[in-house]
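Accompanying notes for the structure given below.
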Protein chains: 2
Amino acid sequence: MPYRAPISDYRFLFDHVVDFKTVTDTDRFAEATPDMVDAILTEAGKMCEEILAPLQRPGDLNPARLENGVVRTSPGFAEGHKAIAEGGWVAIAADPEYGGMGLPMTVTTAVNEMMSAACLSLQLNPLMTQGQIEALEHHASDAIKQTYLPKLISGAWAGTMNLTEPQAGSDVGALRTKAEPNNDGSYSITGQKIYISWGDNDFTENVCHLVLARLPDGVPGTKGISLFLVPKYLPKEDGTPGVANDLRVVSLEHKMGLHGSPTAVMEYAGAKGWLVGGEHDGMKCMFTMMNNARLGVGGQGIGVAEGAYQHALAYAMDRKQGRTSVEDGTGTIVDHADVRRMLATMKAEVFAARAIALANAVAIDMATATGDADWAARAALLTPVTKAFGTDTGIAVADLGVQVHGGMGFIEETGAAQYCRDVRVTAIYEGTNGIQSMDLVARKMMDGGEAAFDLLDEIETFAEAAKSELPDLAEPVWQAAETLRETVEWLVAQKDLTDRFAGSVPFLKGFARVLGGYYHLRAAMADTGGARARLARFYISRLLPEHRGLFAHARAGSGDLFALSPEDLAA
Amino acid sequence: MPYRAPISDYRFLFDHVVDFKTVTDTDRFAEATPDMVDAILTEAGKMCEEILAPLQRPGDLNPARLENGVVRTSPGFAEGHKAIAEGGWVAIAADPEYGGMGLPMTVTTAVNEMMSAACLSLQLNPLMTQGQIEALEHHASDAIKQTYLPKLISGAWAGTMNLTEPQAGSDVGALRTKAEPNNDGSYSITGQKIYISWGDNDFTENVCHLVLARLPDGVPGTKGISLFLVPKYLPKEDGTPGVANDLRVVSLEHKMGLHGSPTAVMEYAGAKGWLVGGEHDGMKCMFTMMNNARLGVGGQGIGVAEGAYQHALAYAMDRKQGRTSVEDGTGTIVDHADVRRMLATMKAEVFAARAIALANAVAIDMATATGDADWAARAALLTPVTKAFGTDTGIAVADLGVQVHGGMGFIEETGAAQYCRDVRVTAIYEGTNGIQSMDLVARKMMDGGEAAFDLLDEIETFAEAAKSELPDLAEPVWQAAETLRETVEWLVAQKDLTDRFAGSVPFLKGFARVLGGYYHLRAAMADTGGARARLARFYISRLLPEHRGLFAHARAGSGDLFALSPEDLAA
């Protein structure tokens, strides 16, 4: 499965679609000059192509396994992780004070996406570590920062996130893991956590777990939860790993895909940990980490979509079958209308999802650089869209990739099926896509829709201005934005959140459709008469119209839904 | 994975939605009284629940394998097949003269669907045999019929279909397998065939292959292809299996799913075969068989969708998580709006797809019973819709089933993921869903759209009459039918088929959406104020509106599509 890093796509998006220059114009990110960013992307892309992509299939065929309590990772993963660590790619956005490069999240997003495309199973490891670094940077004591951050940033140690328990999945507040204070400022953590991605490995010197647990005086629900850092090996005075902590991997899951990534059941038996953030402030700390992790997971979906697209396109350009639209008989299946349609859909969707993710990252960077609340609101609004639409796109595009391959798509050796199996979990973990949609229509619209309306103003202003040059593209985008505006107005008017939730998933999909139309239009305006305008035309005439059905669904309310009783469903 | 045969759903559909009485009112099918059909469905359902469903997971965990040239099937599959054969379920529609029951295809469709829901891998075996029986009934000599049909119908022998070769997939006409006449009326078959479902097994006494091959004077392309029956063991004078034929299983594929079904590469090294149908008439004979096989594969998708739905509903009714709409705290996740939406979508889609398949089967039965060309045209029109929408529904509903399970959905032990992996191939084999859509807009509209307009007249007449009783359901169905009518008019006006093919997949999906709306409306009219009317309301207000975006896509033509060159796609 060869993979070619789509550097020129990032460059085009940075320059013409998501206005990355706004970011590099700030003092905070002034060092991220175009030359530097180019060098970063090129170097990261090279590693992904040459070192990570060849690990994709061995990881699937040789799942991580548990041997006498020790996790044995897939062949080549240790070397792959070493390359990521040595290249400095674990956490390029991290604070330079602790060894990071302080680069914008926008650049991180592109690098994470490339690593995901090349080998999703392995990329999940540094992605988890990035989340931990972010949480520690914001909430940990200086002592913890000094001990842990340099190790995590260099990739010498890895980080995990421990939220879920058997009875506490989407409802994190139901967790039972306990934390009891010791007399040395540390805590004893006791409980079981499940679905812990990269819960252990055999290639980093230490594995550091961020664990949500309840202090003895923690109230029930989310408000009584605190966050603890619990290392596999307790650091010695000199900062090197010392004695083993009282925690272990109980078992690894047998999963539909992502076999190279060990998903652990973890047992904490009075393990020693340290508080991160204030007592009972665990959820707040987790949200810091989760917002960026959600952007990262969206990027995983986009990366897999890109990989699956390249894989299917290569097959379609090579495979001869039947009489095609090419009259001299040299055509391949790419010359069949329906195959061309599938490939164009894949490429158009990757573009849309990537533009949304990068616009999201730009908003995060601007919020970081300026402290501006509007940028923060924009970032918060886009995060669930990036996560859900990015991962939905990964699933849909990988599925189309299988279909382009015909019978070969169902045969594992081809590699198309692995993309499907691997990416499926991204719509589930880090908050299911249903949870993302609820976040979008509830929490992210507590402002009465202000952040959404600001974005819609931007879209409509741009579309209005584009009408003279590309009327047949600009007009439908403007219209779609209007329909989205009416739908947001309807949503914020629903005081009973259930009425919003009853159509929140189609709403999020429709929102993404409109955003995709906007970013395609921007691309078309920067390349009128070129390939990007042709792709925009395909998207706007064929995929954008889906927003109407989706918004009709979004505005149906909960009446007819709850009229269907569980008994009706079981009838 | 317990499975409950949905007998009452079939009964309701037979009586109130697809007008099965029209079939049993014919002389040909007068014996299929309501009591008899009830007994058949109940008995078949019992076998599916008790014997086949428990084989689903063992088949996945223990794939069929090739040992020294012999196929070893999954544990329990031999016993499962024996139960199918002894119950007479291999081919209940087959000719009573050879041991069949001569039952309507409508009843067969329901029985096949139940077997698919219980264990898709195993059900594919009798489905292939059914196709072979059909082909032999229509095209074979009396001698062949007398030797083979009783064995195939009883399940003592199994049948396969051999079309595909490495260079000849969707383009069957490119096949290279040769047939040379022997001097005894038989032929020597030489060539390699791939993707042969159930190419061999270790539980039937013989395996009979229907093989497409080219005679020495066969012209290139599909017009030079003939059909041959090539048994694994040559029948002796007394009809029992004799010496082994010159054919073998070269290898079995490693597939994404359907592990219990051995997918073989077959090698014919001068194997002895007999012509079925006329010389060079192979494609015509295959089409007889394929039309019903396509209905059968659509039914596979629907069966898996039903299985995945029941599985997800059981989980959702049991799993507690978070605060729900049930105020006393007894709610499970079925009481969350988004989970309820997913389950309602699954149920509404299963209903729509099942109604389309059964209406298709009714048309086949009426064509058989009356010889009426309009019924035959109706059957031909609906077949690609049943196949593509049935399998798309299988894939979409199984995917929702995973999502309902949350993190558990990605864990193989749960069983939700297996439905996804197993059903994926149904959109590919027996003609990819892209091929189905091309069949729909080209071959099935060579009548200038007449069969489609007849169906639309039926829909609009019914919707018109329903407006007084259920205006909010009938009006949108009528409107959607009008939009479909305009789209068919547009399609048949396109002389360049490429303009039809450029949107044929979205057209087929939109067509199915409208048909689904119609059958839901019929259900609602038969159960006003009941659960089926509530489900219809859900479908019509939330899913039916998708047709607008789909038809916009369907009518986009090929201009913008082919403007996107292969170089654009690779850019």
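Below, the figures for the structure above:
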{"quantity": "13 Å beta-carbon shell around B:Gly221, net charge (K/R +1, D/E -1)", "calculated": "+3"}
{"quantity": "Inter-copy separations for B:Lys223, label at 7 Å along Cα-Cβ, nm, ascending", "calculated": "8.2"}
{"quantity": "5 angstrom amide H check on A:Gly270, placed H, neighbours 5+ away", "calculated": "A:Ile189, A:Thr190, A:Gly191"}
{"quantity": "Least to most buried among A:Thr263, A:Thr33, A:Thr332, A:Thr106 (fewest other Cβ within 10 Å first)", "calculated": "A:Thr33, A:Thr332, A:Thr263, A:Thr106"}
{"quantity": "Extent along principal axes [Cα atoms of region A:432-563; Å; largest to smallest]", "calculated": "50, 26, 23"}
{"quantity": "Under Karplus coefficients 6.51, -1.76 and 1.60, residue-wise ³J(HN,Hα) of region B:546-551 in Hz, glycine/proline x", "calculated": "4, 4, 5, x, 5, 6"}
{"quantity": "Packing-based exposure ordering (other Cβ within 10 Å, fewest first) of A:Phe511, A:Phe203", "calculated": "A:Phe203, A:Phe511"}
{"quantity": "Amide H contacts under 5 Å for B:Val276, placed H, 5+ residues apart", "calculated": "B:Leu227, B:Phe228, B:Leu229"}
{"quantity": "Mean residue ellipticity (222 nm) of the protein assembly as shown, computed from DSSP H runs ≥ 4 via -39,500 (n - 2.57), nearest 500", "calculated": "-17000 deg cm²/dmol"}
{"quantity": "Rounded Å value of the spacing that divides the Cα centres of region B:270-328 and region B:194-244", "calculated": "25 Å"}
{"quantity": "For region A:314-330, Karplus couplings with θ = phi - 60° (6.51, -1.76, 1.60), whole Hz, Gly/Pro x", "calculated": "4, 5, 5, 6, 9, 7, 9, 6, x, 7, 10, 6, 8, 6, 7, x, 8"}
{"quantity": "Per-copy distances of the B:Pro96 label point, shortest first, in nm (7 angstrom along Cα→Cβ)", "calculated": "9.0"}
{"quantity": "Residue-count net charge about B:Pro262 - beta-carbon cut-off 12 Å; Lys, Arg +1, Asp, Glu -1", "calculated": "-1"}
{"quantity": "Lys, Arg +1 and Asp, Glu -1 on Cβ, resulting dipole of region B:129-179 about Cα centre, debye, nearest 20", "calculated": "180 debye"}
{"quantity": "Test item: Cα-centred dipole of region B:216-356, Lys/Arg +1 and Asp/Glu -1 on Cβ, debye", "calculated": "220 debye"}
{"quantity": "Length added when fully stretched, B:Asp496-B:Thr33, from 0.36 nm per residue minus Cα-Cα", "calculated": "161.9 nm"}
{"quantity": "Neighbouring partner chain Cβ atoms per residue of A:193-203, average, 10 Å criterion", "calculated": "1"}
{"quantity": "Stokes-Einstein D for region A:489-571, Kirkwood Rh over Cα pairs, 25 °C, 0.890 mPa s (µm²/s)", "calculated": "168 µm²/s"}
{"quantity": "Per-copy distances of the B:Ala39 label point, shortest first, in nm (7 angstrom along Cα→Cβ)", "calculated": "8.5"}
{"quantity": "Helix axis angle, B:34-47 relative to chain B longest principal axis, alpha carbon, degrees", "calculated": "80 degrees"}
{"quantity": "Farthest toward positive dipole pole in region A:432-563 [+1 Lys/Arg, -1 Asp/Glu at C-beta], among A:Thr487, A:Phe551, A:Met445", "calculated": "A:Phe551"}
{"quantity": "Spin-label model distance (nm) - A:Thr528 vs B:Glu469, 7 Å beyond Cα toward Cβ", "calculated": "5.8 nm"}
{"quantity": "Cβ-defined net charge surrounding B:Arg65, 13 Å radius [Lys, Arg +1; Asp, Glu -1]", "calculated": "-2"}
{"quantity": "Residues A:Leu535, B:Leu61 arranged by fewest to most Cβ contacts within 10 Å", "calculated": "B:Leu61, A:Leu535"}
{"quantity": "Rounded to whole Hz, the Karplus (6.51, -1.76, 1.60) HN-Hα couplings of region A:212-222, x for glycine and proline", "calculated": "7, 8, 10, 6, x, 9, x, 6, x, x, 5"}
{"quantity": "Other-chain or far-sequence residues with amide H under 5 Å of A:Tyr233's (modelled H)", "calculated": "A:Val207, A:Asn245"}
{"quantity": "Pairs beyond 20 Å (Cα-Cα), from A:Lys151/A:Lys223; A:Lys232/A:Lys272; A:Lys509/B:Lys509; A:Lys151/A:Lys255; A:Lys82/A:Lys387", "calculated": "A:Lys151/A:Lys223; A:Lys151/A:Lys255; A:Lys82/A:Lys387"}
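Bear in mind these aren't lab numbers, they're just calculated from the coordinates by the rules spelled out. Remember, predicted model here, so these are calculated numbers, not experimental data. With ideal geometry, Cβ positions are generated from the backbone for all residues, glycine too; neighbour counts draw on all protein chains shown.
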